[in-house]
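Chemist: I have a structure here, written as structure tokens, and I will follow up with some questions on it.
The values are calculated or read from the model by the stated rules, or taken from the named source; none is laboratory data. This one's a predicted model, so the numbers in the text were calculated from it and none came from an experiment. Glycine gets a Cβ as well: all are built from the backbone with ideal geometry, and neighbour counts include every protein chain shown. Calculation scope for accessible area: heavy atoms of the full protein, side chains included, ligands and nucleic acids excluded. Shrake-Rupley method; radii C 1.70, N 1.55, O 1.52, S 1.80 Å.
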Amino acid sequence: MSETKDRPYHHGDLRRALTDTALAMLAASRNWSFTLREVARRTGVSHAAPYKHFRDREELLRELARIGFVRLGRAMTAAMASDGPSARAKFIAGARACIDFALDDPGLYRLMFSGDADKAADPRLHDAAMETFGIFLHLLQKGQRDGSFRPVATNALAAAGWAQVHGLAMLAIDGQLLEEKVGTEPVRAALDVLLDGMCA
């Protein structure tokens, strides 16, 4: 009798089944201390099965991070498309989408920016991360052309904007945006201060 009989996975896309299981484990535990063996067990396959698709645990983690960047990019794009026409409004919408994403799946968000998601080791992960960063960069470039943003080095604007948004996301995850420290609407207040400096 097969050791995988009556377990959740039986056939089909094993790579996707493994990543779906690992994403669910990451969401539940908010950390990535699990092993490939545990992912295999929860997927319902043999301990050796994951190695058909992932060389090691680190490769699986990089794939989870890549998926995270793709999802984040989609969330930001959708939010920015549905908001008002101004560059400022779109920036705020994209920033809020990023922070909401982090709050909804803090384990995945932390992994995406951790040393365990080594972008230099995986071109697909690197490209996904750069594409997501490029959403803000493109908005800033377009805003500079129409006079919405200051005519300074675009990379400097992008670095300042990304640092602010990422910092707010991490503080939100850690429950550090306390009213007694930063007021009742800290995200909007911080973004307004940032944009007052960035906008023309």
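Chemist: Going through the range 54-91 one residue at a time, which ones are touching a Ser or Thr at 6+ places or on another chain (Cβ under 7 Å) and without any contact (Cβ under 8 Å) to a residue 40 or more places away in the chain?
Modeler: Result: Arg57, single match.
Chemist: A further question on this structure: Within the range 81-110, can you find the residues that are more than 15 Å from Gly167 (Cα to Cα) and either basic (Lys, Arg) or open to solvent by 20 Å² or more (accessible area, probe 1.4 Å) (or both)?
Modeler: Ala81, Ser82, Asp83, Gly84, Pro85, Ser86, Arg88, Ala89, Lys90, Asp104, Asp105
Chemist: Moving on. Going by the structure shown, is His126 under 16 Å from Met76 (Cβ atoms) and open to solvent by 20 Å² or more (accessible area, probe 1.4 Å)? Explain how you work it out, then say what you get.
Modeler: Details: under 16 Å from Met76 (Cβ atoms): no; open to solvent by 20 Å² or more (accessible area, probe 1.4 Å): yes.
Here the answer is no, as His126 does not meet what is asked.
So that you can scan it fast, the table gives a plain yes or no per residue for (1) farther than 22 Å from Phe133 by Cβ; (2) in the same structural domain as Leu125 (by the TED database); (3) not in a helix (DSSP H, G or I):
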{"site": "Arg37", "(1), (2), (3)": "yes, no, no"}
{"site": "Arg42", "(1), (2), (3)": "yes, no, no"}
{"site": "His47", "(1), (2), (3)": "yes, no, yes"}
{"site": "Pro50", "(1), (2), (3)": "yes, no, no"}
{"site": "Ile67", "(1), (2), (3)": "no, yes, no"}
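Chemist: So how many residues does the range 153-165 have that are surrounded by 11 or more Cβ atoms within 10 Å (Cβ to Cβ) and closer than 14 Å to Ile135 by Cα? Before the answer, list the steps.
Modeler: Residues of the range 153-165 that are surrounded by 11 or more Cβ atoms within 10 Å (Cβ to Cβ), as a first pass: 154, 156-165.
Now narrow it down to the ones that are closer than 14 Å to Ile135 by Cα: 154, 157-159, 161-162, 165.
Of the residues in that region, 7 qualify.
Chemist: Hey, another quick one. Among the listed residues Arg96, Arg88, Arg110, identify the single one that is at negative phi, part of a helix (DSSP H, G or I) and in contact with a Cys (Cβ under 8 Å, 6 or more places away or on another chain).
Modeler: Numbers: Arg96 fails: in contact with a Cys (Cβ under 8 Å, 6 or more places away or on another chain); Arg110 fails: in contact with a Cys (Cβ under 8 Å, 6 or more places away or on another chain).
Just a single option satisfies the conditions, and that option is Arg88.
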